[in-house]
1. May I ask you to give the percent of accessible area on the chain that is carbon plus sulfur, with a probe radius of 1.4 Å?
2. What order, most packed first, do the peptides 87-99, 54-66 have when packing is the mean number of other Cβ atoms within 10 Å of each residue?
3. Accessible area per residue of the range 39-103 at 1.4 Å probe, in Å²?
4. Compute the angle between helix 7-16 and the longest alpha-carbon principal axis of the chain, please, reported from 0 to 90 degrees and rounded to the nearest 10.
5. Name the residue farthest towards the positive end of the dipole of the chain from the options 115, 65, 95, assuming +1 on Cβ of Lys and Arg, -1 on Cβ of Asp and Glu, about the Cα centre.
6. If the limit is 25 Å between Cα atoms, which of 117/139; 42/101; 42/98 go over it?
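The values are calculated or read from the model by the stated rules, or taken from the named source; none is laboratory data. Just so it is clear, the structure is predicted and the values come from calculations on it, not from any experiment. So basically every Cβ, Gly included, is an ideal-geometry build from the backbone, and we count neighbours across all protein chains shown. Remember, those area values only see protein heavy atoms, side chains included, never the ligands or the DNA or RNA. Shrake-Rupley method; radii C 1.70, N 1.55, O 1.52, S 1.80 Å.
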Amino acid sequence: MVAPVRTNLILLTVDVKKHNIALFLNALLEDYDNTVTPTFDKPYPTNVNVSLYINNIDAVNEQTMDFTVNLFVTQTWHDYRLEFHDLIDATYLELDSKLIKRFWVPDLYFVNEKASKVHDVTVPNTLLHLHMDGTVVYKMR
């Protein structure tokens, strides 16, 4: 399935090929609604693949039956609204935490969790890769 092409993206192709990625992203997200799932207009749900990489298990408390774990979470899904085949000279874009709020991301939760937080020493440890075929890879610690 090919995503509908918006006129403003076609007009920006020439400028974007000169590495004006910020202008391209603004055009791509101009009509994008981050409050709805990628398949909101489809008869099926958005499939999200989740991977967990456990860095360490810190505190195990047998009395309260809980533990603390430090892990990396990677979520991958397809959003046809974000496809940009051949519009720029890149196969994917790497976006930092400041831009992630402009994209739809799954609301991941762990059943029976007591507390959780995103690691943010100086900035939140989140990263989003946007591939030209609409594949989105969202990583967080």
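1. Numbers: 5320 of 9560 Å².
Carbon plus sulfur share of accessible area: 56 percent.
2. Working: 87-99: 14.2, 54-66: 9.0.
With the highest mean Cβ count within 10 Å placed first, the list reads 87-99, 54-66.
3. Details: 4510 Å² over 65 residues.
Accessible area per residue: 69 Å².
4. 90
5. It is 95.
6. Numbers: 117/139 14 Å; 42/101 23 Å; 42/98 29 Å.
Pairs exceeding the cut-off: 42/98.
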